[in-house]
Amino acid sequence: MTEEDELFLQEMQGVKKLQTQERVPLRRDQKDNNVAARRSAAVSQETSSDKNHLRASEVPRVGPHDVLGFKRPGIQDGVFRKLRLGKYEIEARLDLHRRTIEEARREVYRFVNDCIGADLRSVLIMPGKGDRNEGDPAVLKSYLVFWLEELEDVQAFHTAQPQNGGAGAFYVLLKKSERKKQQAREQFSKGRVY
């Protein structure tokens, strides 16, 4: 034995090993309360941090090949016609193919907010037709139509032309920012005397 070992043993004289149990006994009601508390905390945290108000519960269904359109009051017929015919430049695209409802809900909300923040006005969102899902066709398309109407920043939407995805895509017209409104006023008021 080395000198260090002897010193160690001298220092450890009179020390007793701690009594330990292999398992901590839990009462069943404690465990259930703990799980319930964690679940309620997770739900309250999720709802408080999630500003996304788009609904993930059941929505009215549309057909995979339905041609759909929507415009808010105040949108001029000429603007809507131009949107319907695909005459606006597509400034951004969002492809929702192979997304779950929850993933698509988050993506659509984020995409619209990002586009508004970047002053984009005309975008294309592609949920797909969903016609390969024989049991429940056009699920994502149905949700997207419902969500677009729920979003205040969406002024109008219409099924895209065949070259841009046809019944599996939508042209979406977003609200003009204040900066864009001022630019339009300046552009169209040139030469006018007030």
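Values as computed for the structure displayed
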| quantity | calculated |
| --- | --- |
| Cα-only radius of gyration and Dmax that characterise segment 74-145, units Å | 13.9, 40 |
| Simple label model, 7 Å out from Cα along Cβ direction - Leu7 to Arg72, nm | 8.0 |
| Where labels lie 7 Å past Cα in the beta-carbon direction, separation of Asp131 and Gln161 in nm | 2.0 |
| Chain lengthening between Arg81 and Glu58 when straightened (0.36 nm per residue, less Cα-Cα) | 5.2 nm |
| Tensor-based shape of segment 148-192 (alpha-carbon gyration tensor, a/c under 1.5 rounded, otherwise prolate or oblate) | oblate |
| Nearby lysines by direct alpha-carbon distance to Lys51 (threshold 23 angstrom, same-chain neighbours under 8 apart not counted) | Lys141, Lys175, Lys176 |
| Dimensions (Å) - segment 102-144, Cα atoms, principal axes, largest first | 39, 20, 11 |
| Accessible area of segment 130-194 belonging to carbon and sulfur atoms, whole % at 1.4 Å probe | 47 |
| Cα Rg over Rh - segment 55-194, Kirkwood | 1.02 |
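The values are calculated or read from the model by the stated rules, or taken from the named source; none is laboratory data. Just so it is clear, the model here is predicted, and its values are computed rather than measured. Glycine also receives a Cβ, built like all others from the backbone with ideal geometry; neighbour counts cover every protein chain displayed. The protein model used for the area step is the full one, side chains on, heavy atoms only, and it has no ligands, DNA or RNA in it. Shrake-Rupley method; radii C 1.70, N 1.55, O 1.52, S 1.80 Å.
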